1. Quick check: is even one residue across the range 59-77 over 18 Å from the mean Cα position of the chain (by Cα), among the charged types (D, E, K, R), part of a helix (DSSP H, G or I) and at pLDDT 85 or above?
2. Within the range 25-52, count every residue that is free of Cβ contacts under 8 Å to residues at least 40 places away in the same chain and farther than 26 Å from Ser96 by Cα.
3. Being over 25 Å from Glu21 (Cβ atoms), not in a loop (DSSP other than H, G, I, E, B) and not charged (D, E, K, R) is the requirement here; does Gln113 meet it?
4. Looking at Tyr36, Tyr45 in this structure, which one is aromatic (Phe, Trp, Tyr), at pLDDT 85 or above and over 30 Å from Lys144 (Cβ atoms)?
5. Which residue out of Leu30, Leu44, Leu64, Leu91 is touching a Pro at 6+ places or on another chain (Cβ under 9 Å), of a type outside the set (S, T, N, Q) and not assigned by TED's automatic domain parsing to the domain that holds Asp131?
6. Take Val14 and tell me if it is under 25 Å from the mean Cα position of the chain (by Cα), modelled with pLDDT of 90 or more and not hydroxyl-bearing (Ser, Thr, Tyr).
7. Could you please give the count of residues in the range 126-137 that are at pLDDT 80 or above and either surrounded by 15 or more Cβ atoms within 10 Å (Cβ to Cβ) or of a type in the set (Gly, Ala, Ser) (or both)?
8. All but one of (1) over 29 Å from the mean Cα position of the chain (by Cα); (2) part of a helix (DSSP H, G or I); (3) not hydrophobic (A, V, I, L, M, F, W, C) hold for Tyr36; which doesn't?
Amino acid sequence: MGSWTRARGGAPVVAIAGDVETKLIDTGALEELNPYKFFEAASLYTGRLVNPDQARAIINTAILTAVMEKGPTVISIPGDVASADTADYTLEITISNPPVFRPSDEDLDQLVQMIDDARTVAIFGGDGCRDARDEVVQLAAKLKAPFSSETLTGPSAKLASLQRTALGRGFA
């Protein structure tokens, strides 16, 4: 349940799950579980580390997937692999910034012209506003425009609600 909640909340998580010894994998042993099936609904990536030499690749993939896709990943490690000796190494991961998507300059110029030409303006913010709550509130105040958005939550949404009420232009 915790991983599922995190998956929906966008929290990067790397969970480490114990597994049966490698000699028992795929034998139908009572204690054995298939981590791929078990964590499928809650994990963006599941890796089974059955050999210490796989550690770098599986750990890298789990961390990068959790951070870049903003959700939980799972590394399943059999007991004998977890206790095995392995060479020490430093793990360095480079995480690039996510790409920025924005309208073209021409589209922005056209939008500015449309706003300037309009008698009234209303803002219906979609998922593109998710990371720009404060900016949407500021824009609405500057334009004296009511707005509605399912993605605006938290303190900014409460402030926006008060502003809409004060302006007498809120949407239900």
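The values are calculated or read from the model by the stated rules, or taken from the named source; none is laboratory data. These numbers were taken from a predicted model, which means no experiment stands behind them. Here the Cβ is made from the backbone with ideal geometry for all residues, glycine too, and neighbour counts use every protein chain on show.
1. Taking the range 59-77 and keeping what is over 18 Å from the mean Cα position of the chain (by Cα), we get 59, 75-77.
This time we only want the ones that are among the charged types (D, E, K, R), so: none.
No; the residues of the range 59-77 include none that is over 18 Å from the mean Cα position of the chain (by Cα), among the charged types (D, E, K, R), part of a helix (DSSP H, G or I) and at pLDDT 85 or above.
2. First, the residues of the range 25-52 that are free of Cβ contacts under 8 Å to residues at least 40 places away in the same chain: 26-34, 36-42, 44-52.
Of the ones still in play, those that are also farther than 26 Å from Ser96 by Cα are 26-34, 36-41, 50-52.
Selection size over the range 25-52: 18.
3. Details: over 25 Å from Glu21 (Cβ atoms): yes; not in a loop (DSSP other than H, G, I, E, B): yes; not charged (D, E, K, R): yes.
For Gln113, the condition - over 25 Å from Glu21 (Cβ atoms), not in a loop (DSSP other than H, G, I, E, B) and not charged (D, E, K, R) - is met.
4. Values: Tyr36 fails: at pLDDT 85 or above.
That would be Tyr45, the only listed residue that is aromatic (Phe, Trp, Tyr), at pLDDT 85 or above and over 30 Å from Lys144 (Cβ atoms).
5. Values: Leu30 fails: touching a Pro at 6+ places or on another chain (Cβ under 9 Å); Leu64 fails: touching a Pro at 6+ places or on another chain (Cβ under 9 Å); Leu91 fails: touching a Pro at 6+ places or on another chain (Cβ under 9 Å).
Just one listed residue meets the conditions, Leu44.
6. Details: under 25 Å from the mean Cα position of the chain (by Cα): yes; modelled with pLDDT of 90 or more: yes; not hydroxyl-bearing (Ser, Thr, Tyr): yes.
Here the answer is yes, as Val14 does meet what is asked.
7. Matching residues across the range 126-137 total 4.
8. That leaves (1) as the condition not met.
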